[in-house]
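Accompanying notes for the structure given below.
The values are calculated or read from the model by the stated rules, or taken from the named source; none is laboratory data. No experiment lies behind these values; they were computed from the predicted model shown. Backbone-built Cβ (ideal geometry, glycine too); neighbour counts: all protein chains shown.
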Amino acid sequence: MIRNLTVMALALVAFSCKGGSVAGSYTLDKAAMGKIAAEQIAKMPEDQKAFGKLAAELLKQMEINLTLAEGGKGEMMMKMPNPFAGKDAKPEAKTEAITWEKDEAGVVTIKGKDPVSCKVDGSRLTCSDAKKEQALIFVKS
């Protein structure tokens, strides 16, 4: 699960929406993501639950902020703890500049190689990659 979250977060390159502006700042909705993680852990075989709980704990410490500015520019910041680093190690933040555009069909594309589609529901973005293995939920901040 944590691998899927990490890969998707780092591969976040496209959004789809219908109508309205998607410009703004978004943060990872940890409460919603925690609920999804708990539901997935409950379905896991007993011998895999410990790993699922570790992933859920790392999720609580993860930060992903996404800023989509008017005019097609923006940035994504991700900060994630390294479970193999020492106890006192601090997570490093990685920030990437992004560009995006919205087409006539309402699809917003952030230029890159691996698309991720996001459905807009009010102030929330629910994003998933083409495999739809794991969704990331962001809330406008």
Complete set of residues in segment 44-61 that are out of contact with any helix residue (DSSP H, G or I) (no Cβ under 9 Å at 6 or more places or on another chain) and part of a loop (DSSP other than H, G, I, E, B): 45
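State yes or no: is residue 71 at pLDDT 75 or above, more than 14 Å from the chain's Cα centre (by Cα) and among the small types (Gly, Ala, Ser)?
On the way: at pLDDT 75 or above: yes; more than 14 Å from the chain's Cα centre (by Cα): yes; among the small types (Gly, Ala, Ser): yes.
So residue 71 passes the test.
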Taking segment 108-141 as the region of interest, how many residues are at pLDDT below 65 and buried (at least 16 other Cβ atoms within 10 Å of the Cβ)? 3
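Table: residues versus (1) touching an Asp or Glu at 6+ places or on another chain (Cβ under 7 Å); (2) surrounded by 12 or more Cβ atoms within 10 Å (Cβ to Cβ); (3) at pLDDT 50 or above.
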residue	(1), (2), (3)
6	no, yes, no
18	no, no, no
30	no, yes, yes
41	no, yes, yes
44	no, yes, yes
Given the residues 41, 64, 36, which is the only one that is aliphatic (A, V, I, L, M) and assigned to a strand (DSSP E or B)? 64
Segment 74-102 - residue that is within 14 Å of the chain's Cα centre (by Cα), in a strand (DSSP E or B) and crowded, with 16+ Cβ neighbours inside 10 Å and, of those, modelled with the highest pLDDT: 78
